[in-house]
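Report on one structure; see the data block that follows.
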Amino acid sequence: MSSELRFDGKVVVVTGSGAGLGRAYALAFAARGAKVVINDLGSGRHGDGSSTKVADQVVDEITKNGGIAVANYDSVLDGDKIIKTAIDAFGKIDILINNAGILRDKSFVKMSDNDWNIIQDVHLKGSMKTTHAAWPYFRKQKYGKIIFTSSNAALYGNFGQANYSAAKMGLIGLANTLSIEGQSSNISTNVIVPTAGSRLTEGIVPPDFWKELKPELIAPIVLWLCHDDCQENGSIIESALGWAGKCHIVRSNGVILRKNINDPVTLEAVRDNWSSVTDMSNAQRFETIAEEAADLMGVVDKLSQSSQQTDKTYSVKHTYNFKDAILYALSIGASIKDPREFRYLYESNDNFSVFPTYYVVYGPLAAFETTLIHDSLQRDDINLAGAVHGEQYLKVLKTIPVEANVETRVYFQDILDKGRHAFVLIKHETYEVDSGDKISEGQIVAIFQGAGGFGGKKKSIHEIPSYEMPKRKADFTVIQKTSVEQAAFYRLTSGDTNPLHIDPDVAKMVGFKQPIQHGLCSLGFSVRHVLNTFASGDSKLFDCLRARFSKPVIPGQTLKTDMWREGNRIHFQTTTVETNTPVITFAHVDLKDIKISEFASKL
Ligand code: NAI
């Protein structure tokens with residue numbers, strides 16, 4: 001189906017490649033054009049002795065087959081010498097496979113300090129030292145691929161391998177962080193969890209099974225993780241017998257163990273809730289520590305809300321039907337010319353659905369139609385009418401009904417002093433009144449211009465993380481012109497009738513040359529572009545979005561949405577073509593799945 005994947009011009013270091021898995025990787029890399037450093041201390045299975053023989057044998061084997069390889073006999077604890085061999089022989093290093101390993105299996109009760117130390121040294125410290133020596137080269141050339149070798153004994157534990165399990169789990173932590181630190185320099189780090197027939201497993205695994213566990217069956221997975229075409233980073237890949245799968249660390253949804261923010265956690269509450277703490281039926285995976293932190297902030301929110309339950313609640317109610325939903329879709333540029341958008345425009349279409357950003361309109365309405373901000377801030381010096389929409393987060397929790405009575409509740413979260421301006425964080429939740437179901441939740445960052453400098457805090461635990469777009473050229477771009485009536489139309493479909501969007505005098509009064517388009521209208525355009533490109537327009541695949549409104553758009557300008565895919569996260573940036581000004585930045589949409597339509601792939 002496709003052309004052969006090659007490693008011509010690449011320099012690869014494979015530690016412990018005199019035997020077993022390392023040898024299989026080295027032979028495979030060399031067969032596909034890489035220049036390989038065969039590192040092996042030539043020690044025994046338990047780390048005793050040393051020899052040049054095994055490394056030399058593999059170099060001979062590669063050379064006889066027409067490949068290029070040099071030997072290195074240092075221990076991985078002298079990782080700098082191994083990397084120096086690559087630089088001296090080939091002038092660079094592109095790929096590092098940390099594979100060398102030994103065993104000192106003992107039950108914990110019999111384990112000596114030496115048994116512990118030697119295993120930590122060879123596996124964890126040795127991998128760190130070799131990687132640390134290669135790291136500056138990777139950073140300088142803005143390219144590097146790293147593999148760490150972990151083990152099922154780390155993921156699941158294994159009797160007699162406390163030292164080994166600990167070291168192998170340490171490598172997963174090391175890889176997790178290096179995959180983040182390396183990102184800006186195009187360095188990817190992944191972990192392989194192999195099961196192979198080698199001298200390490202000989203006599204432990206039944207002989208018939210051992211024979212089937214051929215190291216050559218794992219080598220292609222390691223090679224793929226190191227190929228330029230592979231985007232994987234920060235992953236744990238398990239492989240054996242010609243099978244491969246990805247492993248994740250997941251966490252249960254958990255449960256809040258107290259009612260109010262000022263309550264303690266009692267031991268009895270822990271006992272009574274233990275089955276919920278440990279219920280894995282809704283376990284979830286966090287891609288980043290920031291996502292996990294955002295989830296924990298949700299705990300603070302819930303506690304604060306329940307503490308405020310006796311206080312006034314701020315909410316607005318709306319009713320809409322399919323006509324409102326269609327008008328909204330039209331006002332963010334959906335067209336019957338695009339087959340992926342027909343479902344948002346025709347109520348009798350089999351897949352008729354509400355565009356997933358529809359409920360984003362209710363947040364600002366509830367925030368500014370209630371007295372929430374006034375009551376929460378208690379600051380007469382702030383001109384509430386001078387607020388600008390700074391950032392927006394929206395998560396859709398359930399399929400949006402095509403008609404409903406909804407109630408949107410808003411909560412004041414924080415005020416930040418960002419120098420000249422004050423940033424106010426407001427959370428919004430929209431419920432379907434009849435079912436009581438929460439359909440969406442989000443956050444508005446409203447910027448009150450000139451209201452900063454009051455000596456307040458600069459950061460908040462409520463801030464939702466934002467990400468810079470990747471440095472590479474965009475994976476996809478969609479360009480669409482807005483109409484001069486865009487804001488006039490969007491005012492009516494969104495309910496945001498602020499005259500700033502239509503009245504030239506009001507626009508001038510608040511510092512703009514002419515009326516500007518609603519940020520949420522431009523955002524609707526961009527999210528449509530993302531959904532069309534990466535989800536075939538399917539609203540069910542939308543999970544959440546986050547965006548910053550950097551500059552205004554003038555109705556009639558052309559929007560260019562540049563998109564980058566990183567797993568299920570689509571980073572995007574929107575620019576006005578006429579002025580080449582980024583207008584929506586630090587933006588992403590998370591999708592539940594990727595479905596690239598034929599239509600998009602032809603663009
Ligand atoms: P192996 O014993 O066949 O190969 C390991 C090689 O590393 C040997 O040639 C050895 O001389 C070399 N080595 C040992 N200490 C070294 C040091 N300090 N510096 C440089 N080289 C050194 O073992 P195998 O099975 O190929 O293991 C490769 C890696 O895979 C190891 O890290 C091991 O822990 C890991 N692993 C293997 C599994 C298996 O089923 N074979 C399961 C899980 C992990």
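The values are calculated or read from the model by the stated rules, or taken from the named source; none is laboratory data. These figures come from a predicted structure and were not determined experimentally. With ideal geometry, Cβ positions are generated from the backbone for all residues, glycine too; neighbour counts draw on all protein chains shown. Protein only, heavy atoms only, side chains kept; ligands, DNA and RNA dropped before computing areas. Shrake-Rupley method; radii C 1.70, N 1.55, O 1.52, S 1.80 Å.
Values for this structure:
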| quantity | calculated |
| --- | --- |
| Centroid-to-centroid separation of region 256-305 and region 458-477 [C-alpha atoms, Å] | 26 Å |
| Accessible area in the full protein assembly, largest first, 1.4 Å probe, for Lys592, Lys513 | Lys513, Lys592 |
| Solvent-accessible surface ranking, highest first, for Trp224, Trp135, Trp210, Trp274 at 1.4 angstrom | Trp274, Trp224, Trp210, Trp135 |
| Surface accessible to a 1.4 Å probe, Asp121 within the full protein complex, Å² | 60 Å² |
| HN-Hα J in Hz across region 321-337 - Karplus 6.51, -1.76, 1.60, θ = phi - 60°, x for Gly and Pro | 9, 4, 5, 5, 5, 5, 4, 4, 4, 5, 6, 10, x, 5, 9, 6, 6 |
| Residue-averaged [θ]222 nm for the chain, counting only DSSP H segments that reach four residues, each worth -39500 (n - 2.57) | -9000 deg cm²/dmol |
| Cross-link table Lys53/Lys110; Lys53/Lys81; Lys418/Lys592; Lys64/Lys92; Lys140/Lys459; Lys92/Lys473, entries beyond 29 Å C-alpha to C-alpha | Lys53/Lys110; Lys418/Lys592; Lys140/Lys459 |
| Separation of the Asp375 and Glu212 label points, Cα + 7 Å toward Cβ, nm | 6.7 nm |
| Separation of the Arg472 and Asp338 label points, Cα + 7 Å toward Cβ, nm | 2.4 nm |
| Hydrodynamic radius of the chain per Kirkwood, over alpha carbon pairs, in Å | 27.6 Å |
| Unit charges on C-beta of K, R, D, E only; dipole of the chain, Debye | 1200 debye |
| Those aspartates and glutamates that a straight Cα-Cα span of less than 19 Å connects to Lys84, excepting residues fewer than 8 apart in one chain | Asp40, Asp56, Asp74, Asp94 |
| Normalised contact order of the chain, rounded percent, pairs of Cα under 8 Å and 6 or more residues apart | 8 percent |
| Accessible area in square angstrom per residue, region 137-275, 1.4 angstrom probe | 53 Å² |
| Amide N proximity, region 360-396 versus Val506 label position 7 Å along Cα-to-Cβ, cut-off under 13 Å | 385-387 |
| C-alpha long axis of helix 519-535 to longest principal axis of the chain, angle in ° | 40 degrees |
| Distance violations [Cα-Cα > 19 Å] among Lys10/Lys129; Lys481/Lys560; Lys395/Lys427 | Lys10/Lys129 |
| Neighbourhood charge, 13 Å Cβ-Cβ cut-off, centred on Pro465 and excluding it, Lys, Arg +1 and Asp, Glu -1 | -4 |
| Nearest 10 degrees, 0 to 90: helix 126-141 Cα axis against the chain principal axis | 60 degrees |
| Among His588, Ala167, Pro136 - extreme Cα towards positive end, dipole of the chain, charges at beta-carbon | Pro136 |
| Cβ-defined net charge surrounding Gly170, 13 Å radius [Lys, Arg +1; Asp, Glu -1] | +1 |
| Crossing angle, helix 79-90 versus the chain [Cα axis fit, 0-90 degrees, rounded to tens] | 90 degrees |
| Surface share of carbon and sulfur [accessible, 1.4 angstrom probe, percent] for the chain | 53 percent |
| For region 151-264, share of DSSP beta bridges that run antiparallel, in % to the nearest 5 | 50 percent |
| Label-point separation, Ile461 to Leu327 (7 Å along Cα→Cβ), nm | 4.3 nm |
| Ser353 accessible area, assembled protein chains, probe 1.4 Å, Å² | 20 Å² |
| Gain in span if fully extended, Asp263 to Ser107, counting 0.36 nm per residue against the direct Cα distance | 51.7 nm |
| Summed side-chain charge close to Phe159 - residues other than Phe159 whose Cβ falls under 13 Å, Lys, Arg +1, Asp, Glu -1 | +1 |
| Potential extension, Val299-Ile249 segment - 0.36 nm per residue separation minus Cα distance | 15.9 nm |
| DSSP-defined beta bridges in the chain - what % are antiparallel, rounded to 5 | 70 percent |
